[in-house]
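Take a look at the structure set out below.
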Amino acid sequence: MKTMTCRQMGGPCDAAFHGNKADEVINAQDRHLKEMVGNGDATHADALKEMQGRWKRPVSGLGWYRKTKKAFAALPED
Ligand SMILES: [Zn+2]
């Protein structure tokens with residue numbers, strides 16, 4: 001199990017997500033961004049826009065995805 005924060009994935013806060021795979025924390029971050037913006041938090045709006053842009057443009061989004069996967073792989077186990 002590893003821990004990655006909202007900030008490490010380009011977000012504005014230090015909320016921590018746990019997972020065994022990079023995909024798990026990426027999905028948790030995606031949910032977190034939607035939830036925060038849904039609750040009226042404007043600080044997460046830009047990060048959410050970027051995240052949604054990545055799903056819409058998978059090719060340009062791949063750079064961020066690879067970078068995040070690599071950063072996740074380099075993290076120590078909890
Ligand atoms: Zn956050």
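The values are calculated or read from the model by the stated rules, or taken from the named source; none is laboratory data. Because the structure is a prediction, the values reported are computed rather than measured. So basically every Cβ, Gly included, is an ideal-geometry build from the backbone, and we count neighbours across all protein chains shown.
Taken over segment 32-55, the criterion of being among the β-branched types (Val, Ile, Thr) and free of Cβ contacts under 8 Å to residues at least 24 places away in the same chain is satisfied by Val37 alone.
Is it true that some residue in segment 7-27 is surrounded by fewer than 10 Cβ atoms within 10 Å (Cβ to Cβ) and of a type outside the set (Lys, Arg)? Looking for residues that are surrounded by fewer than 10 Cβ atoms within 10 Å (Cβ to Cβ) and of a type outside the set (Lys, Arg), one finds at least one in segment 7-27, hence yes. Scoring Pro12 on the criteria (1) more than 8 Å from the ligand (Cβ to nearest atom); (2) part of a loop (DSSP other than H, G, I, E, B); (3) on the phi < 0 side of the Ramachandran plot leaves a single failure, condition (1). The set of residues from segment 33-72 being small (Gly, Ala, Ser), modelled with pLDDT of 95 or more and surrounded by 10 or more Cβ atoms within 10 Å (Cβ to Cβ) comprises Gly38, Ala45, Ala47, Ala71.
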